[in-house]
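Structure record follows, encoded as structure tokens.
The values are calculated or read from the model by the stated rules, or taken from the named source; none is laboratory data. Keep in mind that what you see is a predicted model, and the values were worked out from it rather than measured. Please note: Cβ atoms are built from the backbone with ideal geometry, for glycine as well, and neighbour counts cover all protein chains shown. We work out accessible area using only protein heavy atoms, side chains counted, and drop any ligands, DNA or RNA first. Shrake-Rupley method; radii C 1.70, N 1.55, O 1.52, S 1.80 Å.
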Amino acid sequence: MSTSITHQRLAELVGGQLSQGDPEGLVTGLNSISEAGPGDVTFLGNDRYLGALRDTRATAVLVAPDFAESLENIALIRVDNPTLAFSSVIRHFGPPKREFHPGVHPTAVVSNSARFDPERVSIGPCAVIEDDVVIGDGTIIHAGVFIGHGSRLGSDCILHANCTVKDRTQMGDRVVIHSGSAIGTDGFGYEFIKGHHQKIEQVGIVQIDDDVEIGSCTTIDRARFGRTWIGKGTKIDNLVQIAHNVVIGQHSVIVSQVGISGSTKIGNYVTIAGQVGIAGHLEIGNQVTLLAKTGVTKSILEPGAYTGFPARPLMEGRRMLSAPAKIPEMLERIKTLEKKLAELEKKEQAPV
């Protein structure tokens with residue numbers, strides 16, 4: 001763990017400017033706004049936490065350049081992006097990264113036809129590396145990982161404990177796969193023949209490009225034929241299901257519990273929030289944002305935010321989502337109008 005640091009040195013560390021506070025004052029740790037105490041540094045990355053910041057006991061805070069609040073007895077360090085800059089603080093005070101230890105653990109099961117430099121690759125306990133696997137320099141394979149026949153892993157990848165990479169998966173450089181994920185399992189394909197479901201062969205591959213990160217317990221199915229393809233720089237959360245022949249573009253973000261059905265194409269810079277469901281054989285265009293729990297039944301090609309089921313542009317979708325809450329009031333109004341209408345009809349029918 002790193003030692004204390006002065007306010008001025010902290011400002012230099014994060015590339016910011018100390019606008020308030022003693023330059024020689026000391027910071028000894030880090031914490032969240034609500035849990036920080038004396039000696040801690042924290043950050044304001046979202047204005048929704050402004051109220052908590054007013055009550056914080058932190059010694060120093062990273063804030064945006066336009067931060068206008070007056071906080072007594074707190075050192076303020078202005079940075080362009082407090083959330084990103086706080087990563088430097090974490091690296092300073094946090095535990096050191098695990099060192100890279102090349103070599104193959106004696107309990108690992110590695111095919112003689114696997115190709116890699118054992119002095120530049122780390123393979124952990126009980127990992128299984130099958131025939132004709134190629135592993136790039138700097139890649140770390142943790143305990144219990146399975147890599148299937150003919151797979152290709154690029155340089156500086158990290159495969160965390162107990163993830164599975166099935167046959168012929170193609171992986172670029174700096175790919176990270178977290179524990180429990182399964183890459184390249186069979187796509188879900190059946191035909192109903194004479195009263196039973198007959199399996200359709202799934203013989204394609206999964207291709208994962210450079211700088212992709214895949215969270216824990218996510219599944220990415222191999223293509224029926226061709227490839228399921230995850231584009232460069234895309235980040236996928238835990239508990240996501242990506243079906244066969246799905247194509248996801250570059251630098252997209254997919255949040256937990258999303259399900260994407262087969263043969264759907266996702267563009268570049270797309271954000272898919274939690275629990276979104278996307279039907280098969282659709283296209284989602286570049287720079288589309290799908291808000292949480294959106295259900296997509298038709299292709300969406302225009303950039304922008306969408307919500308609801310079925311998915312609609314943001315403002316229209318919000319109106320649709322808010323409509324059910326108005327139903328009890330509308331029913332009461334209808335009852336009142338029906339009562340008044342009945343009274344008017346009774347008057348009209350009364351003898352003159």
Subset of the stretch 107-119 (residues that are in a loop (DSSP other than H, G, I, E, B) and open to solvent by less than 100 Å² (accessible area, probe 1.4 Å)): THR107, ALA108, SER111, SER113, ALA114, PHE116, ASP117, PRO118
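Let's see how each residue does on (1) touching a residue at least 24 places away in the same chain (Cβ under 8 Å); (2) of a type outside the set (Val, Ile, Thr); (3) outside the structural domain of ARG224 (by the TED database):
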residue	(1), (2), (3)
SER155	no, yes, yes
ARG168	yes, yes, no
ALA182	yes, yes, no
GLY187	yes, yes, no
TYR190	no, yes, no
GLN202	yes, yes, no
Against the conditions (1) assigned to a loop (DSSP other than H, G, I, E, B); (2) exposed (fewer than 15 other Cβ atoms within 10 Å of the Cβ), where does GLN198 fall short? Just the number, please. (1)
Checked VAL104, VAL41 against criteria (out of contact with any helix residue (DSSP H, G or I) (no Cβ under 9 Å at 6 or more places or on another chain), surrounded by 12 or more Cβ atoms within 10 Å (Cβ to Cβ), β-branched (Val, Ile, Thr) and modelled with pLDDT of 95 or more); the one match is VAL104
Assigned by the TED database to the domain that holds THR83, open to solvent by less than 30 Å² (accessible area, probe 1.4 Å) and either out of contact with any Gly (no Cβ under 9 Å at 6 or more places or on another chain) or at pLDDT below 95 (or both): is that true of LEU62 in this structure? no
Which listed residue, of GLU316, GLU283, GLU338, GLU345, is of a type in the set (Asp, Glu) and open to solvent by 100 Å² or more (accessible area, probe 1.4 Å): GLU338
Pick from the stretch 302-352 the residues that are at pLDDT below 85 and small (Gly, Ala, Ser): which of them is nearest to ALA279 (Cα to Cα)? GLY317
Could you grab me the full set of residues in the stretch 183-195 that are surrounded by 10 or more Cβ atoms within 10 Å (Cβ to Cβ) and not acidic (Asp, Glu)? ILE183, GLY184, THR185, GLY187, PHE188, GLY189, TYR190
Can you tell me which residue is surrounded by the fewest Cβ atoms within 10 Å (Cβ to Cβ) among those in the stretch 201-218 that are in contact with a His (Cβ under 7 Å, 6 or more places away or on another chain) and polar (S, T, N, Q)? SER216
Considering each of THR234, THR307, THR271 in turn, give the residue that is within 27 Å of ASP173 (Cα to Cα), of a type outside the set (A, V, I, L, M), buried (at least 21 other Cβ atoms within 10 Å of the Cβ) and in contact (Cβ under 8 Å) with a residue 12 or more places away in the chain. THR234
Find the residue count for the stretch 120-142, including only residues that are part of a strand (DSSP E or B), surrounded by fewer than 23 Cβ atoms within 10 Å (Cβ to Cβ) and within 27 Å of the chain's Cα centre (by Cα). 2
I need a count of the residues in the stretch 319-334 that are closer than 16 Å to GLY308 by Cβ and open to solvent by 100 Å² or more (accessible area, probe 1.4 Å). 4
Spans of strands (runs of 3 or more DSSP E) in the stretch 202-320 with at least 2 residues over 17 Å from the mean Cα position of the chain (by Cα): 205-208, 227-230, 304-307
